[in-house]
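One structure below.
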Amino acid sequence: AITDVTKLIFIANPNNPTGTWLDKDALYKFIQHVPEQVLVVIDEAYFDYVENNAYPDSSKWLGEFDNLVVTRTFSKAYGLAGLRVGYSLSHAGIADLLNRVRQPFNVNSVAQDAALAALSDDAHLNETVKLNRAGLQQLQNGFDAMGLRSIPSVANFVAVDVQQKGAAVYDALLHYGVIVRPVANYNMPNHIRVTVGLEQENKRFLQALSEVLK
């Protein structure tokens, strides 16, 4: 609940680690009811992967809500995680405050040039989204074959219920050279989160998971 002491609301859309999302109507109505002195930060780190027309481009609301901040990154769909570059979109007053407290030289010139180049590389982005779509389906098919329930995801990862402690499955998968993420800290003790890989990588994960769960 929003109270008199609430200063900031943070919403990941799509959400991590579930890959679920809020549609434009639900999110817009929520922001409308947030007091103007409360900052609303929408983390859209995975927005490039979403292919549903009901998903909102929150940046289009910046002219309407002075308390809105939208954050995005080049670490996901653009594949530039090693360069640690992202950006925020907001009212000029908020941007000015953020600029005052940011670390100096926080994004180097190489990262900036790479980010600008990435923005114009639609072919790479489209291929990434296409591969991710196929990978999500491949993983879902594998989970179905093992009788496992996963959370429908629009991001580049999926959370699956492994019907036992996820931390134990995580440890066991390490012996197969496969790294996933246990998510008990999100009150999901029986889930693991796996990132979508290339077809052969997804196959290797599914084979290893099948062996671990025998």
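Since every read-out is calculated from the coordinates, none of them should be taken as a lab result. Bear in mind the structure is a predicted one, so any value in this text is a computation, not a measurement. Neighbour counts run over all protein chains shown; Cβ positions are idealised from the backbone, glycine included.
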How large is the charge dipole for the stretch 84-129, taken about the Cα centre, if only the Cβ atoms of Lys, Arg (+1) and Asp, Glu (-1) carry charge, to the nearest 20 debye? 360 debye
Please list 3J(HN,Hα) in residue order for the stretch 187-193, calculated via the Karplus relation 6.51 cos²θ - 1.76 cosθ + 1.60 where θ = phi - 60°; whole Hz, with x for glycine and proline. 6, 10, x, 9, 9, 10, 10
Sum of -39500 (n - 2.57) over DSSP H runs of 4+, divided by residues of the chain (222 nm, nearest 500): -11500 deg cm²/dmol
With +1 assigned to the C-beta of every Lys and Arg and -1 to the C-beta of every Asp and Glu, and no other charges, what is the dipole magnitude of the stretch 108-214 about the Cα centre in debye, to the nearest 20? 420 debye
Between the alpha carbon centres of the stretch 124-159 and the stretch 170-214 the gap in Å comes to 13 Å
Extent of the stretch 123-212 along each principal axis, from alpha carbon coordinates, in Å, largest to smallest? 40, 25, 21
Can you match P(r) over Cα pairs in 10 Å bins from 0, in percent to one of these, (1) 7, 28, 31, 23, 9, 1; (2) 8, 33, 32, 20, 7, 0; (3) 8, 29, 28, 19, 12, 4, 0, based on a calculation from the structure here? (1)
Which longest uninterrupted range of the chain lacks any chymotrypsin sites (Phe, Trp or Tyr not before Pro) assigned by DSSP to a loop state (not H, G, I, E or B) and surrounded by at most 15 other Cβ atoms within 10 Å? 1-104
From the phi angles alone, apply the Karplus equation (6.51, -1.76, 1.60; θ = phi - 60°) to the stretch 84-93 and give each ³J(HN,Hα) in whole Hz, x where the residue is Gly or Pro. 6, 10, x, 7, 10, 10, 6, 4, 4, x
Can you list the HN-Hα couplings for the stretch 203-211, worked out from phi with the Karplus curve (6.51, -1.76, 1.60; θ = phi - 60°), rounded to whole Hz and with x for Gly and Pro? 4, 4, 4, 5, 5, 5, 4, 4, 5
